[in-house]
Structure formats: structure tokens, C-alpha cells
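The values are calculated or read from the model by the stated rules, or taken from the named source; none is laboratory data. Everything quoted here is computed from the prediction, not taken from an experiment. Positions of Cβ are generated from backbone atoms using ideal geometry, with glycine treated the same way; all protein chains shown enter the neighbour counts. Surface accessibility is based on the protein's heavy atoms, side chains included, excluding ligands, DNA and RNA. Shrake-Rupley method; radii C 1.70, N 1.55, O 1.52, S 1.80 Å.
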Amino acid sequence: MSQILPTNPAIGQAVSQALGGTGLGLSAKAQYIAEISRMNPTAFVFLIDQSGSMGNSLQFNGKAMTRAQAAAIVVNDTLMNMTMECIKAGEVRHYFDVAVIGYGQQPTAGFVWEGQLQGCQWVSSTKLDQNVAFKLTKPVLTGRGELRELPISAWFSPIHAGHTPMKSALQMATDLLREWIARHPGAYPPSVINITDGEATDATHDKLLDAALQLRNLHTTDGKVLLFNCHVSGAGGGSIAFPVQKQQLPDNHYAHLLFDMSSDLPVQYNRQIAEWRNEDLQTYTAMMFNAEMKDLFKLVDIGTRTALSQAAN
Amino acid sequence: MRIFVKGQVSPKPHRELLPSGRLSPTEDVICLFPRRAALSDGAGGTGVYADLWAQQLAHTLPEHPFTDNEALWQYVQRQEAPFLQKVEPLAATHALTNYKLWIEGSSATLAALWWRPLSGRMVAEWVSYGDSAVMIYEPRLHRLHLQPYLQPPDQFLRNPHLLNWNGTGLPPSAFCRSEKPLPLDGKIVWLASDALAQHLYWLYLSTTPPGQALLSSLLPRYPEAAPLVAALLTYSKHHRFDQHLAQLKIALQSPETFQRFCHQLHQQELLRRDDYALVWVEQAKTQQTKKPKANQKAKSKPFPHAAHPRRVQTGL
């Protein structure tokens, strides 16, 4: 771009600043703007706590179920929604690769895919569509509010057993993404969504924070990996979503640790959150503490849909 | 009174190959009738079969303007059955597409114009829903008007309201129509899909200091718009708006010239990547009956240049 701007130096400065960037989640240059296409897909990694405490019960959509069941519903539905975002002209395009990692059942984290995808690591949106593990039919509300029996897809089932090897899961995601980014250096930055109901049992706070920072420091030319952390309780009351400052959190070491582990969100995400909350634009932190399942849906929706809105038309 | 009406559609630059080997379809549709024109922009980001839904809406535009939002909604509902007859068999072959059809439906925007002679003048009425634009330009005054819904310039950066057969009604805020018949003399009317409308509107804004300030005020919230704003500000420094419009009018001659024009603008970062559609409606200039004097050259001024634009004026 040649010389910018004519009449008013302040306007020239505003444009240069947006191109060069500072403030409100902007870094050295405008980021998180890479177009997602078949040639340039993005990536998502879900980390799901499958420890024994995920067997505690909660109310979700008016039904009693375990936290593990609710988390599986949220992530399976999200995988389905994400795949739907890739449908163009009746075909599912390869706009993302996704990995779902569970931690709890075994001493170290592992992939949770079932059916034809068992043993896979990355799964593309196209493969996801072609390899559904469980097909169910259930009444769903259509756009105009009518109930209609429609097929629902799922790719893994809920599990709750053992401890909480969260550090192992973060390291696994780091290794996966390091290799993925080497193959996709110009991609829209990958997003990692970690869903947990408790503290890690395989690391001290410092080591867990180190693992999270290593993950967050991975980057493509379009920006750093975004790490969302969601602590679910289902107990109701006291839920904190997308805080701006640590002071908004309860005086709780674990809440503060999750805050430090989570990414500062870029402006594209901040816009969604500000509109949702009907407040001025701020730089939010990608975390929830003591969240209910409907809050988790919101976090996952913002984390995935904002990225996929960059998909080519 | 003759009316010049010309419209073209261009697919987006670098269209994607679908897994089946087909090129992704163009979702902008225009339909020119003897006394009316419709432009519909299928929204690929919401629902399925946006291209077919846009065709359905454009091809069946009624002979008279919609009187209000409710009349438009009734028209949308009347299109549901014939549309579903076409797409249900297609959706039935793929579970997720079928699911998406019933959850999200199909979405498009609409801009439409009707014209007729009235008391010795040619007048027009228009209706729009969503971010497909109706733009009225007065070249002599360098004044551009567009529907109230699109006047906040950040509207082009937000998700627009859409016409969806699978909804429960139409939020009225996105419905706009002319208050009274608009005399066409001295005016050019464009129906434009969002990317091209944004290009024309923002280029127009970039010709005046208040417009420039308005564009730059968007950038803290929408940094992704900075390359487009910067390119338009630079371009408007060296090119007159009316000259640009003259080139656009020439480009409407054929689908190929229109596509080339739009894709070149995209290459120069002056137009974001999208499908492009434009309908240009103008009262044709009457033939000059007076012969020019022998020593006087006839001047061709298809777009009279206004004095330097004084202020941004977007109200209808």
C-alpha cells in the first residue's frame, strides 16, 4: 500500500494504527484475519476432563445427568454445528481439523474418538461428516419453533473415572499443534478449549501454567494459539464468564491460575462478547469459572463460531 | 422517456472447488423485468441452498412494491412451498444438510425497484431488506443516498438481517422502502449486493473529510477493515468518484467486463472478496435536438462533475 491519507493526520494515524496495531487486543499487525479455506483450514482441539468427579450430577436442559454426560453433549453438538458451518452447496468442505482429547480415565491423556475414527488424531470436517459414531433421532426445534424429528450425530461417549492429568492433556495438545502449524504456517490460529471441573492432579500450579504458556506461545503468521479454559460446576450461582481483570474473580488460587493460563482474546472475539453482554468493547480473558452448562455452550460457541466466520464463502 | 437499465453478476474471485469438483455457486442473483428489477444476495453463512433461495425471491418479484414489512413477510411465506419442492429432495440425500435445512432454513437479502411514468416524469419506488443496497446518486450535487438501514457504515461489517422462509417473521428494522415515488431525472439508482455497495459507499465517504473521519472511527472495533479503508482513501486521492462510476457503467456492458472490473478492484484491495451484483437504472438522456455550431465541439459529459463535495449526506 502506498501513501495513506490525505487531509487529516489524525485519520492517517487511526488507519496506520489499525494496520500496525495497538490496544484492544491488537498486536503488532492486524491478526486473526486469515481466510479459512480448503487450502488453508484452521484447527480446534478440545480437552475434556474425564476424571471421577465428572460423575457428579447436575441439571442440564431440564434433565438430571452427570457432568461428563453434559460435557459430551456440548462437545458433540458443537462438532455437529462446526461441521454444519462447512456445508456449502450441499457438500462439507475441509475448513478445519479437530482433535478431541480426554484426560482422567488413564494416567495420561488420550484421544476419545469412537467408531470408524477410533485411533485417529486429527479429523477433518469432511471426515467428521462421513464417520459418525452414533446416529440418533430426536425431536429438535426448527427455525420457526416447531418440533421435528431429525438425526443427531455424536462421535464419542461420556466417561468419568480416575484423576485429572490436565498437564498431560496440555502437553499433548502442544505437540499436536506444533506439528500441525508446521504444515499450516499461514493458517487462522488454532483454538484449544479445555473443559474441566477440578484441579490438575499431575502438576503443580507453576508447572501447569508453564504448560499452558507453551501452548499459547505457538503461533501461525496470523496470530497465536488461543486457549479457552472453562471450569464447570453446574452448582449454580457465582459463575464468572470472560473476565477482564483478575480482581473480578473470587479469592481462589485455582480461579486465578485459570485466568493466567487463558488467552487474552483478540478484538474479533471481544466484539462478540461485548454484543452478547451489551457493553462497551474490552479485552476479555478466554475463561469461565464455576460455569453452568449453558455458559459452557456460550464459550464453545464464541470460540468456534468466531473462528469459522473467517471461512471462505 | 427512456430508461437505461443494465445489470450484471460476477462470481467472487478465486472461487473454491467443491469436493465434487464443481465450482462453488454464485449466490447473488439479479432479475430484470420490463418495469421492475430485483437483486437478491443469498447468505451462504446461514442455512443452506442460499443461491436457490435468492433465485426464488428475485424471479418471483411481484409487479407492485411491498407496502410494508408484513406484506414482504407474506410474500416470503408464499415462496416456501415452491422452494421446498425443489430443495427437499436434494437435502434428503445428506443427513447434516437436511438437519441444517430445518434448523437454519435458507437466507437472502433483497433490493428491488419498480418504475413507471407519472405526470410526464419517470418515477421509481423501491424496497429493501437487509444489506442489499438501494443507492441513489445525484451526480450534479455529488450526493449519495442509501436506505436508512445501511447508513451506519459499520452495518457492512455486521451480520445483516435476512429473509428466511424458516423464520417466525421479519424484524421490521431491516425493512426499508421509498416514502413516495422518486422522480428519476438527474439521478442514478443502483441496486447493489453488499460488497459492491460497501465499496461505492465507502469510496464516496472517502472523498470528504467528515466521511474519512467516519471510516477511520470504525477501525478500533473492526481492525480487519483497515486494509480496505486505507486502499479507498489512497484511491480517492487520485481518482474522481464520477470517473470511477463512468468506468463502472462501461464495465456493465458484458458479464466478462463486469467480472474483470470487480476482480481488478479486489486485487487492488478496494473491494472485499464476495460475489458481486449491480443493477444500474437511469433515465436515458434525451437526444440533443439543437445542432452544435460549426466552430463549437460537442461536449460529452455523461457524469457532470460536481463542485468539490461539501459534506457527507446519506439521508433519503
**Residue-wise HN-Hα coupling along the stretch B:67-75, computed from phi with Karplus coefficients 6.51, -1.76, 1.60 (Hz; x: Gly, Pro)** = 6, 7, 4, 5, 5, 5, 5, 4, 5
**Complete:** Which of A:ILE193, A:ILE302, A:ILE33 fluctuates most in a GNM of chain A (C-alpha springs under 10 Å)? That residue is A:ILE33
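Counting only helical runs of four or more DSSP H residues, what would the 222 nm mean residue ellipticity of the protein assembly as shown come to if each run contributes -39,500 (n - 2.57) and the total is spread over all its residues? Show your work: numbers first, answer last.
Numbers: 16 runs with 204 residues, N = 629.
That calculation yields -10000 deg cm²/dmol at 222 nm.
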**Request:** Kindly report, to the nearest 10 Å², the accessible surface of B:MET1 as traced by a 1.4 Å probe over protein heavy atoms only.
**Result:** 120 Å²
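With a 10 Å radius around each residue's Cβ, average the other Cβ atoms per peptide and rank A:204-212, B:94-102, highest first.
Result, highest mean Cβ count within 10 Å first: B:94-102, A:204-212.
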**Request:** Mind grabbing the accessible area of A:LYS63 for me, 1.4 Å probe, Å², rounded to tens?
**Result:** 130 Å²
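Can you give the FRET efficiency for B:LYS237 and A:SER57, using 1/(1 + (r/R0)^6), R0 = 51 Å, r = Cβ-Cβ distance, to the nearest 0.05?
Working: r = 66 Å, r/R0 = 1.29.
Approximately 0.20, to the nearest 0.05.
Using Cα-Cα distances under 8 Å and only pairs 6 or more residues apart, what relative contact order does chain A have, in percent?
Numbers: 621 pairs, mean separation 65.2, N = 313.
It rounds to 21 percent for chain A.
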**Complete:** Percent antiparallel among DSSP beta bridges confined to the stretch A:207-313, nearest 5, equals 60 percent
**Item:** Centroid-to-centroid separation of the stretch A:107-153 and the stretch A:167-189 [C-alpha atoms, Å]
**Value:** 23 Å
**Theoretical gain in end-to-end length, A:GLU179 to A:GLN247 [0.36 nm per residue, Cα-Cα removed]** = 20.8 nm
**Span from the the stretch B:143-189 Cα centroid across to the the stretch B:251-285 one, whole angstrom** = 20 Å
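Heavy atoms only, 1.4 Å probe, whole protein assembly: order A:SER191, A:SER168 by accessible area, highest first.
Numbers: A:SER191 0, A:SER168 25 Å².
Solvent-accessible surface, decreasing: A:SER168, A:SER191.
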**Averaged over A:135-145, number of beta-carbon atoms from partner chains that fall within 10 Å** = 4
**Asked** Tilt of helix A:293-308 relative to the longest C-alpha principal axis of chain A, in degrees (0 to 90, nearest 10)?
**Response** 50 degrees
**Prompt:** Can you list the residues, at least 5 places off or on another chain, whose amide H is less than 5 Å from the amide H of A:GLY162, using H built in the peptide plane?
**Reply:** A:GLY52
**Asked** Where the accessible area of chain B is counted over protein heavy atoms with a 1.4 Å probe, how much of it, in %, is carbon and sulfur?
**Response** 52 percent
**Request:** Note the angle between two axes, namely the Cα long axis of helix B:50-59 and the longest principal axis of the Cα atoms of chain B, as a number of degrees from 0 to 90, rounded to the nearest 10.
**Result:** 60 degrees
**Residue-by-residue Karplus 3J(HN,Hα) for the stretch B:199-206, coefficients 6.51, -1.76, 1.60, Hz, glycine and proline x** = 4, 5, 5, 5, 5, 4, 4, 6
**Amide H partners (placed H, <5 Å) of A:TYR284, local residues excluded** = A:LEU265
**Asked** For chain A, modelled as a Gaussian network with Cα springs under 10 Å, which listed residue fluctuates most, A:ALA203, A:ALA43, A:ALA154?
**Response** A:ALA203
**Message:** Please list 3J(HN,Hα) in residue order for the stretch A:122-128, calculated via the Karplus relation 6.51 cos²θ - 1.76 cosθ + 1.60 where θ = phi - 60°; whole Hz, with x for glycine and proline.
**Reply:** 7, 10, 7, 4, 5, 5, 4
**Prompt:** What does the average come to when, for each residue of peptide A:85-96, you count the partner chain Cβ atoms lying within 10 Å of its Cβ?
**Reply:** 6
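Considering every residue in B:231-243, what mean count of other chain Cβ atoms within 10 Å of its Cβ is obtained? Display every interim value, and only then the final one.
Details: counts 3, 0, 9, 7, 0, 2, 6, 3, 0, 0, 0, 0, 0.
Neighbouring Cβ atoms belonging to other protein chains average 2 per residue here.
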**Request:** Would you grab the residues whose amide H sits under 5 Å from the one on A:ILE87? Only those 5+ places off in sequence or on another chain, please, with H modelled 1.01 Å from N.
**Result:** A:ARG93
**Prompt:** So what does B:HIS142 come to for accessible area, using a 1.4 Å probe and Å² rounded to 10?
**Reply:** 20 Å²
